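Worksheet: the structure to be examined is printed underneath.
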Amino acid sequence: MVSRPDRAKTTDAGLVATFVDLVLAAALTAAVFGIAVTGASSSVLDPLHVVLGGLLVFVLPGYALTAALFPARSAPRSPADAPPDHPSVSSTERVVLSVGLSLAATPLTVLALNFTEFGIGRASVLNGLVVVAAVALVAATVRRATLPPHQRFRLSLSWLPNGSAGGLRAIPATNVLIAVFLLASAGLVGATLAEPQNGERYTEFYLLTDNGENGTLVADEYPARLDPVEPRSLYVGIANHEERTVEYTVVTELQRIETRDGERTVAAESELDRFTATLAAGEATRQQRELTTDSAVTGEQLRLIFLLYRGTPPETTTEANAYRSTHIWVNATAP
């Protein structure tokens, strides 16, 4: 008695092979979205950030778009199997298109985000790429499902070791090199996404004044004189781009500067003001300060300096040990 293959199992296996690549791409996209939403970080999750972030930027959007554009199998078994309305591409071309379309989708997503309320940031770019990949995957699933089963693209799993001749040795060397290139590139891009460069972490520190027109603040028309009776108003601006919450301290000093042996030194100084501000990542503040003089330092061409510190400032505050500093020149009268 001759046993017959189970047609139901064969059909199920073919269905799985037809959509397994889209399911895997959707799972990876969902994983990236989950990481972007939670913002979780640990020694275990950080390597995943690198790998998944690189795949999202370099592979997933382009692969989904390629699957949507070319739902048909790469090599029709006969001319009759080739769907006229669905041109096909080879496996190598599919890989190249996946990378190329991903590289095109990323800057276009960034450009689109620039005109939205979300702006350009790591989280918004990642979420934008997730949306692009998700929409393309839905389109790819629909277009592939509308084709006859024998015309649908499917991943070829024949290269997997199954005891038959060839096995892994049947993989073309070109495909191996492409795979290595993709993994290395994805890791590099993912590392950039997971950890921003040090040059991107900074704090803005500046002075503004009220020009009297609708309360507009400008970086001009600073007070030229301080006296002990009538306070002079200045706005101290701080913007946190350190990618973390920071407690800032601003110390304001009035200094008499003298030149000795070609070097400028502080001959006398007096602290006029001090305040703190705790800012979350991306947060900014403008603090209005009312300044007057005392009898310690008076005269002409005095330096009114603002020293910014992260955390508690040292006992002796100087321009050299400050994190940021800015100043203007003023005259100060005695009480």
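Throughout, read-outs are computed from the coordinates displayed, never taken from laboratory work. Treat the numbers as computed from the prediction; the structure is a model and nothing was measured. Virtual Cβ from ideal backbone geometry, glycine too; neighbours counted across all protein chains shown.
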- Query: Could you give the nm distance between label points at Thr245 and Phe118, where each point is 7 Å from its Cα heading toward the beta carbon?
  - Reply: 2.6
- Distance between modelled label sites at Thr278 and Ala320, nm, 7 Å Cα→Cβ extension: 3.3
- Which chymotrypsin sites (Phe, Trp or Tyr not before Pro) does segment 245-335 hold that lie in a coil by DSSP with at most 16 other beta carbons within 10 Å? Tyr323
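On full extension of the chain, what length is gained from Leu103 through Asp294, given 0.36 nm per residue of separation minus the C-alpha to C-alpha distance?
On the way: separation 191, 0.36 × 191 = 68.76 nm, distance 6.15 nm.
Stretched fully, the Leu103-Asp294 segment lengthens by 62.6 nm.
So if each residue of separation counts as 0.36 nm, and I subtract the Cα-Cα distance between Ala31 and Arg225, what length gain in nm does that give?
Details: separation 194, 0.36 × 194 = 69.84 nm, distance 5.97 nm.
Full-extension gain reported as 63.9 nm.
To the nearest 0.05, how large is the calculated FRET efficiency for Arg286 and Ala139 if R₀ is 45 Å and r is the Cβ-Cβ distance? Please list the in-between numbers first.
Details: r = 47 Å, r/R0 = 1.05.
The formula returns an efficiency of 0.45 here.
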